[in-house]
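What follows is a short report on a single structure.
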Protein chains: 2
Amino acid sequence: MSDYSVIVIGAGISGLKATADLCAKDVGSVVCIESRDRIGGRLNTLTGLNGKYDIGGSWHHDTLSNGLFLEEMELPENERAAFVFDDEDTACLIDKEIGVVKVEQLECLKREFEKYVEMKYYESLDVEDVSYFRLCVEFCYKRRQLLTDEQLFRLPQLLRHIELWHGVDWYTLSGKWSGIEHNGRNALVLHYDKILARIAKPIYDKIRLSESVTMVKKLLNGKYEVITDKGKYFCDYCIVTVPQSVLTISCEDDEQVRVEDDAKLRARISFEPPLNEDITEALTTKSSFGSLGKVVFEFDSVKWSDECSRVLIAHEQPKNFVETMRSATDLDTAIAGVEQLLPKSLENSWKNPVYFLNLAKNTNTASLVALIQQPVTEYVETLTTDEVELFFRPVLNKLLNSLNSQDYVSDLEGKVQQSDAPILKNIITSNWSSDPFSLGAYSACKPGDDPMDLVIALNVGQGNLRFAGEHTIMDGAGCAYGAWESGKREANYILEKLFTGSDY
Amino acid sequence: MSDYSVIVIGAGISGLKATADLCAKDVGSVVCIESRDRIGGRLNTLTGLNGKYDIGGSWHHDTLSNGLFLEEMELPENERAAFVFDDEDTACLIDKEIGVVKVEQLECLKREFEKYVEMKYYESLDVEDVSYFRLCVEFCYKRRQLLTDEQLFRLPQLLRHIELWHGVDWYTLSGKWSGIEHNGRNALVLHYDKILARIAKPIYDKIRLSESVTMVKKLLNGKYEVITDKGKYFCDYCIVTVPQSVLTISCEDDEQVRVEDDAKLRARISFEPPLNEDITEALTTKSSFGSLGKVVFEFDSVKWSDECSRVLIAHEQPKNFVETMRSATDLDTAIAGVEQLLPKSLENSWKNPVYFLNLAKNTNTASLVALIQQPVTEYVETLTTDEVELFFRPVLNKLLNSLNSQDYVSDLEGKVQQSDAPILKNIITSNWSSDPFSLGAYSACKPGDDPMDLVIALNVGQGNLRFAGEHTIMDGAGCAYGAWESGKREANYILEKLFTGSDY
C-alpha cells in the first residue's frame, strides 16, 4: 500500500505531534517519513559517561504558556519528564582578568537596554534594523554620561549573553528581533527522550526511519506524489516539517545546488510545482538560520562549586574600550572604534562569549555544558576532540578556578588516573551545523529579516501542502513547544478539512 | 488688572510648566494661582537635621523616556539637580523572624508573576479585575506545584512591594493595573526644589501664593470668571491643575459636601456649569486616589551598613500560610483561607510592608526614609511624633539589626547623648492625606477602575476649561514628569488655538 491520506515529512516533535493527532482521529492512513535513523529531529538525547544530555533543544521555555509543559504537568509524575527550573538564580559572569564579576548592578542596566531596544523599534515600523552589535554600542554611547566606567566596560560583556539564545554572534544578529520575552521561568528538561517516546508511542508503526524524501510533486488529480530514496507514495495532504534551513535550499534551483557540497544535496527536497513566491521570498530574503552548538565536558566527579547553575564567560574586553567610548565625538566614530577594538575572531575561546551550564548544580552531575554560537559552532563542530579540548581549555580552567577548583587534568584516552583536580574524561560535541538534515540549529534573525513573513506564508501553505516546525509559528518560535503547537495546528487544519460537515 | 488670557490654577510642576511655556511666548497676560504658601504642590523639599528630603515625589522615573530628566541632562551640571540611580542593586527583604531573606531566587518568580498578570489581562478586555491580593493568592495557588515551600511562603511578602509604588495596600489595589513598566532606571533626585526653582524662575511674578480658588464660572461672553478667597478674575482659558482628589469632591453636590469635614470644604472648587458627564463619571466611578506617605528618621550618624540602598520590610507571614495554600481544594478556598490568616490590620508595623530608603548608601546621610501606603498612611499621619516612633520601633530596630547595628536610642527631646547605638534625633512625617490641597498622594487604581477614561475626558477638557496634572496623562501617570508633560501639553493646546493662522 502506498496511498495515504496524509504523509508527514520529518519525525521531529512537530511531525510526531501532527501524526499522533491525526491518528487519534479516524483519518485514514498516515505515514511519517524520517531521514535520520531516529525520531526527535533537533531534540536529541545522548548518553555520555555521566548520564544523558539533550544536545539539541533542552528546555521548557515560557512555562506560563508552554502548552507542552502544561500538558506534561497534567500527567502522573512518573509519566512525565523530570525538569528543573534553572534560571532562578542570576548567571555568573566570568572575565578573563578578574574572574567572577559582580553582575547585580548590571542586571538593571540589562533591563534598561532591553527597554531601550523595545522603545526604539516600537516607535515606528520604519526604524532601521541594525546588528545587535551596533545596538549595544549605540546604547552605551548614548547613555555613557549615566554609566560609570565599570558599567560601561562590563555592560557589553553581559549583553552578549543573548548570542547564546539565538545561536548567532552580535555582528550577525538582528537588533530589532534580539529581545526575548519570557512567559515564565525556563525549566531544563530531564530529558526530552521521555517526552518524545510518550508522543510517539501510539504511532511507532506509522514512522519510517532512515528514508529520505527527495521530491514532492503535485499531480493532476490533486494528490501529491512523495518520492523517497526507497520508493514512492501518494497522499491527499502532505505536512512538511523539515527545518527552515533545508526548506531554503529547496528554493535554490538545481543548477545552483549542484555546485554546493554533498551535505546540502542529501537533504534537499524538490517541489513540483516549486514553493510559491511568498514562501520562496520569505525564505530567501527575510529569514535566517542560526547555529547554536553544545559541547559537553564530562569529568570524574564534582570538584568545583555547585553554587551557580549558569555561567557566562565574557568575551575579552579591550582595556581601552571605555576610553574609546568616552572620547568618541559621535555614534559612528564610537561604532568604528569598537569595531576596530573587537574584530570578529575565532583565534581562541576568549574572543566570543560562551555560556556554561553547571550540571553539578542542576542535576548533581560532574559535567559542564558549553553553549556556543555561529560562527564558533561551525568552527568547533569541525574540530577533533583533542582540538576541541585545546580550544576550550583556557575558558574551562578559568571557569573551574572561579568555581574554587584547580585546573583540570585531561584524560580523554582513559588512562586510569587519580587527582585532586577534576579529570576530564570525555567530550561530546554537537554536529548540527554539518548534519545535512539540520544545517544549523534553528531559525534566527539577521538585520533586515522579518520573521512574520515566513510564518504567515507557511501558515497559509500551498493548498494541501502544509508546513510545521519551529519556524512556522510566532509564539514558541525556535522552541520545542512551538514546533509541537505547529504540529497540532496542521493536524487540526487537515481534520477540519476532512470532517467539515461530518460529525467531527 | 483682573482680565487674563490664561489663568492656571495650582503651582505644582504641571501648573508651573504650563505658565512658563505660555509666558515664553507672547501670549498676553497669565497668572498662576496657588492655595498653599509655596510652589511645588506634591513636590515638596523639606530640610531636617541631616539635610533635605523630598517628602512628596522624589524620583526621576523612566529615565529612558522621562522628558524632564532628559531636559535636565542637557543643562550644565551646576544648573541641574543632582541625582543618584538607586535601583541598581536588588532591594533587601527583611522578615520579622529571620531578618534578611535571600531574594535572588524570588526575583525570577516576581517577574513570572508580573508576566502572569500581563498575560491574564491582555487575553481579553473582559477579564474581570480583582484586587492585587486575590491575584497574588491566585498565582501562588495555581503555580503551587511548581513552587518550593520557601518560595510559596516568601513570594507574597515580596510581591507586596508594589503597594509602595501605588500607595495603597493589596486589598484595595487593582490587580489589572498593578503592573509598572520601567522605561529605564529610577534616579533619586537631590532635590526637586532645584528643578522647581529653575522652572519657576522666569515666572515668579506671575504666581500668587496663599490664594484659594473657590469657583470657576463660564460667562455668557465665553470668558471664565475665577473667584478666589481674595478676589475675582476673568480669563479666556483656564487650566485646572488641582489633584484628582480635589477635582473629585468638586463633582459632589453642595449638599453632600456640607456634611463632610472642613478639610474637604477648603479645597473644593465649584464649577459652573458643572464638570461634564464624562469627567464626572470617570472621576466618581472609574478613578481612585492613593495615599503614599513618608516618614523620615534622622539619626546622629551612620552606625549601620550602607550596603543596601533599599529595604522592603515584609509583612508578618503566618506560619501556616504554606499549609493553607497546599491544602486548599480550589482557588476560592485558598483565598478565603489566606484572608483569614491575614486580616487587614494596623495593629503594629509588622502587619503591612514598609519600604525603607537607606540614605546612608544613597547620599551618605544618617537617615532612613519609610514609605507607607493607604491605610497605614492615614493612620500614621494622625499620630504624634512619639506615637510614630512607637509604631515603627519594632521594624526600625529589625532593620538596623539586619544592617549590623544595635537597636537605636530615642532622643527626640534633644538631650545630649553619646551612644554606640544610632541615636534617633528627629522624625519628619508627611501629611498628604490630611492636607486639604492634596487629600492623599496621587492617582491609583482600585479593582474595576479604568484610568484611561479619566485621562481621555480631561484631555478633551470642557471647552476652554483645560486640565493638567499627573492624573491627566498615561505616560508618566502619577509621576512628576507626567505632570510636567501635561502642563506642556495644555500650554501647547492654548498656544495653537491662539496662534492658528498666525506666525506661530
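A single entry from B:K120, B:K102, B:K115, B:K142 fulfils the requirement of being in contact (Cβ under 8 Å) with a residue 60 or more places away in the chain and within 14 Å of another protein chain (Cβ to nearest Cβ): B:K142.
Just a yes or no: is a residue in the range A:403-412 among the aliphatic types (A, V, I, L, M), under 14 Å from A:A370 (Cα atoms) and in contact with a strand residue (DSSP E or B) (Cβ under 8 Å, 6 or more places away or on another chain)? Break it down stepwise before answering.
Taking the range A:403-412 as the starting set, the residues that turn out to be among the aliphatic types (A, V, I, L, M) are A:403, A:409, A:412.
Remaining after also requiring under 14 Å from A:A370 (Cα atoms): none.
Looking for residues that are among the aliphatic types (A, V, I, L, M), under 14 Å from A:A370 (Cα atoms) and in contact with a strand residue (DSSP E or B) (Cβ under 8 Å, 6 or more places away or on another chain), one finds none in the range A:403-412, hence no.
Among the residues making up the range B:429-456, those that are surrounded by fewer than 20 Cβ atoms within 10 Å (Cβ to Cβ) and of a type in the set (A, V, I, L, M) are B:M452, B:I456.
Only one of these is in contact with a strand residue (DSSP E or B) (Cβ under 6 Å, 6 or more places away or on another chain), at pLDDT below 95 and not assigned by TED's automatic domain parsing to the domain that holds A:L159: A:V27, A:V8. Name it.
Values: A:V8 fails: at pLDDT below 95.
From the options A:V27, A:V8, the qualifying one is A:V27.
Okay, residues lined up against (1) part of a loop (DSSP other than H, G, I, E, B); (2) surrounded by 13 or more Cβ atoms within 10 Å (Cβ to Cβ); (3) at pLDDT 95 or above; (4) in contact with a helix residue (DSSP H, G or I) (Cβ under 7 Å, 6 or more places away or on another chain):
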{"site": "B:L383", "(1), (2), (3), (4)": "yes, yes, yes, yes"}
{"site": "B:D386", "(1), (2), (3), (4)": "no, no, yes, no"}
{"site": "B:R393", "(1), (2), (3), (4)": "no, yes, yes, no"}
{"site": "B:L396", "(1), (2), (3), (4)": "no, yes, yes, no"}
{"site": "B:N401", "(1), (2), (3), (4)": "no, yes, yes, no"}
{"site": "B:N404", "(1), (2), (3), (4)": "yes, no, yes, no"}
{"site": "B:G414", "(1), (2), (3), (4)": "yes, no, no, no"}
{"site": "B:A421", "(1), (2), (3), (4)": "yes, yes, yes, no"}
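Residues that are basic (K, R) and within 20 Å of B:D149 (Cβ to Cβ) occur at least once in the range B:317-335.
Got a sec? Which of B:G67, B:G51 is touching a Gly at 6+ places or on another chain (Cβ under 9 Å) and modelled with pLDDT of 95 or more?
Details: B:G51 fails: touching a Gly at 6+ places or on another chain (Cβ under 9 Å).
So the residue among B:G67, B:G51 that is touching a Gly at 6+ places or on another chain (Cβ under 9 Å) and modelled with pLDDT of 95 or more is B:G67.
Residues in the range B:63-73 include at least one that is away from chain A (no Cβ under 13 Å) and surrounded by fewer than 20 Cβ atoms within 10 Å (Cβ to Cβ). With respect to (1) closer than 29 Å to A:A360 by Cβ; (2) part of a loop (DSSP other than H, G, I, E, B), the lone exception for A:D449 is condition (1). Apart from one condition, A:Y132 fits all of (1) surrounded by fewer than 16 Cβ atoms within 10 Å (Cβ to Cβ); (2) over 23 Å from B:D87 (Cα atoms); the exception is (1).
Please go through the range A:395-433 and pick out each residue that is touching a residue at least 24 places away in the same chain (Cβ under 8 Å), of a type in the set (V, I, T) and in contact with a Leu (Cβ under 9 Å, 6 or more places away or on another chain). Selection gives A:I427, A:I428, A:T429.
The C-beta contact set for the range B:73-86 (first residue within 14 Å of B:D54 (Cα to Cα), second residue small (G, A, S), distance under 9 angstrom, 6+ apart or interchain) comprises B:F83/B:A187; B:V84/B:A187; B:V84/B:S309. Among the conditions (1) under 20 Å from the mean Cα position of the chain (by Cα); (2) surrounded by fewer than 21 Cβ atoms within 10 Å (Cβ to Cβ), B:F467 misses just one, which is (2). Set side by side, the residues A:K206, A:K194, A:K201, A:K223 differ, and just one is out of contact with any Pro (no Cβ under 7 Å at 6 or more places or on another chain) and surrounded by fewer than 16 Cβ atoms within 10 Å (Cβ to Cβ), which is A:K201.
So, in the range B:336-371, how many residues would count as being more than 25 Å from B:L400 (Cβ to Cβ), among the aliphatic types (A, V, I, L, M) and surrounded by fewer than 19 Cβ atoms within 10 Å (Cβ to Cβ)?
Total meeting the criteria: 2.
For residues that are of a type in the set (D, E, K, R), closer than 16 Å to B:W432 by Cβ and part of a loop (DSSP other than H, G, I, E, B), tally how many sit in the range B:1-57. Break it down stepwise before answering.
Applying the first criterion (of a type in the set (D, E, K, R)) to the range B:1-57 yields B:3, B:17, B:21, B:25-26, B:34, B:36-38, B:42, B:52, B:54.
Then keep just the ones that are closer than 16 Å to B:W432 by Cβ; that gives B:36, B:38, B:42, B:54.
Narrowing further to those that are part of a loop (DSSP other than H, G, I, E, B): B:36, B:38, B:42.
Total satisfying the criteria: 3.
Just give me the residues in the range A:1-31 being surrounded by fewer than 22 Cβ atoms within 10 Å (Cβ to Cβ), of a type in the set (A, V, I, L, M, F, W, C) and under 17 Å from A:G231 (Cα atoms), in sequence order. Scanning the range A:1-31 gives a single hit, A:M1. Tallying residues that are away from every other protein chain (no Cβ under 14 Å), more than 15 Å from the chain's Cα centre (by Cα) and free of Cβ contacts under 8 Å to residues at least 40 places away in the same chain within the range B:146-205 yields 5.
Counting only residues that are buried (at least 16 other Cβ atoms within 10 Å of the Cβ) and closer than 15 Å to A:E307 by Cβ, the range A:102-112 holds 1 of them.
Quick check on this structure: which one of A:L173, A:L190, A:L196, A:L209 is under 24 Å from A:M119 (Cβ atoms) and either hydrophobic (A, V, I, L, M, F, W, C) or in the same structural domain as A:L341 (by TED's automatic domain parsing) (or both)? Break it down stepwise before answering.
Working: A:L190 fails: under 24 Å from A:M119 (Cβ atoms); A:L196 fails: under 24 Å from A:M119 (Cβ atoms); A:L209 fails: under 24 Å from A:M119 (Cβ atoms).
After applying the criteria, what remains is A:L173.
Condition test on B:A314, is it within 25 Å of the chain's Cα centre (by Cα), closer than 19 Å to B:F153 by Cβ, buried (at least 18 other Cβ atoms within 10 Å of the Cβ) and touching a residue at least 60 places away in the same chain (Cβ under 8 Å)? Yes: the conditions hold for B:A314.
Starting from residues that are under 25 Å from the mean Cα position of the chain (by Cα) and part of a loop (DSSP other than H, G, I, E, B), keep the ones in the range A:296-311 and report whichever is farthest from A:L359 (Cα to Cα). Among them, the one singled out is A:C308.
The values are calculated or read from the model by the stated rules, or taken from the named source; none is laboratory data. Note that the coordinates shown come from a computational prediction; the quantities given were computed from them, not determined experimentally. Cβ: placed from backbone, ideal geometry, glycine included. Neighbour counts: every protein chain shown.
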